[in-house]
Amino acid sequence: MTALRGIIPPLCTPLDENGEVDARSLERLVRRQLDDGVHGLFVLGSSGEAIYLIDESRRKVLDIVVGAVAGAVPVLAGAVAASTARVIEQVRWISAFRIDAIVVTSPFYANVSDAETVTHFERVAAASPFPLVAYDIPGNVGRKLAADVTIELLRRNVIVGLKDTSGEMNEFLRVLREIGDRTGKSLMCGSDRGAADWLRGGADGIVPGIGNVSADLFTRLWDAFRRGDEAEVERCQQDVAVVSSILNIGLNYGLGLHASQLGALKHTLVRQRIFATERVSPPLAPYPPEAAKEIDAIMATVGR
């Protein structure tokens, strides 16, 4: 696999009024992302509601995205489940699609040791015809992927990359320092508000959830960073911070964090005429109209 670089948004999954995957909306989202100059797409992650979707729906999402991308950029697919056996089961059917890497979290539900986590990735990697990217998302799986584990897996080429959504930059920097040769490896972060700082620290790219509604801000930021235009980097980062503020608005209206984040993104995508509905997967609650008004006011300030 060619090492992944740049802006790789984790796509939301549009649902119709019956809760089924909305193919046309998803195709529109992919086209908009490509028009905004993204360098790859990540499907079936937390922004894509993968953990809530049955496998039939996951297959449909992957089929639609791979078809719409048509090889234009790399596609990463999440295989998200609590146990090694369930992840391997997903890897087997994902392998029928034209993708570039599979993204896998640590095991969850059970409180596993670092040694058990290493075994999990080893067994998934052995079952996968595609390279593995580790997904460090402690807020969802209940524990951080330890730096020592990440370093070991990268050095032994069990994984070829990392998506760090922990927010712990010092641990990320330690991984960068200690893995040695980074040839063919991709260490990316999932921080929207801190994107510029993570790039300055050495991240190979950003996987920004807010990129669903403003991928252009991130591709502009990336281009400015690559040419050393710090003033433009800061302008883009300031706009990213403004847009990112929509993610937590729902918390003030009684929503849980995931419903707040996904509801904000889907409401905005409806306003942008990309999605047809704001529907989220049960048990997540619908987005309140009062919160939606706050989002509209914020998005008006950045032109989308």
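Read the figures in this text as sums done on the coordinates, not as results from a lab. Everything quoted here is computed from the prediction, not taken from an experiment. Cβ sites come from the backbone with ideal geometry, for glycine too, and all protein chains shown count toward neighbours.
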Under 1.5 on a/c is rounded, so check that first for the range 6-228, then, if it is not, pick prolate when a/b is larger than b/c and oblate when it is not; a ≥ b ≥ c are the square roots of the alpha carbon gyration tensor eigenvalues. oblate
Between the range 194-251 and the range 73-98, the Cα center-to-center distance that results, in Å: 28 Å
With +1 at each Lys and Arg Cβ and -1 at each Asp and Glu Cβ, the charge dipole magnitude of the range 138-297 around its Cα centre, to the nearest 20 debye, comes out at 420 debye
A chain fully extended from E89 to N252 at 0.36 nm per residue, minus the present Cα-Cα distance, gains in nm 54.8 nm
Taking a crude spin-label model, label points 7 Å out from Cα along the C-beta direction, the T119 to D35 distance in nm is 5.0 nm
If each Cα of the range 102-171 is one equal point scatterer, what is log10 of I(q)/I(0) from the Debye formula at q = 0.12 Å⁻¹? -0.26
Hull shadow area, averaged, the range 123-266 [alpha-carbon convex hull, nm²]: 9.8 nm²
Residue separation times 0.36 nm, minus the C-alpha to C-alpha distance between E56 and A241: what's the value? 63.0 nm
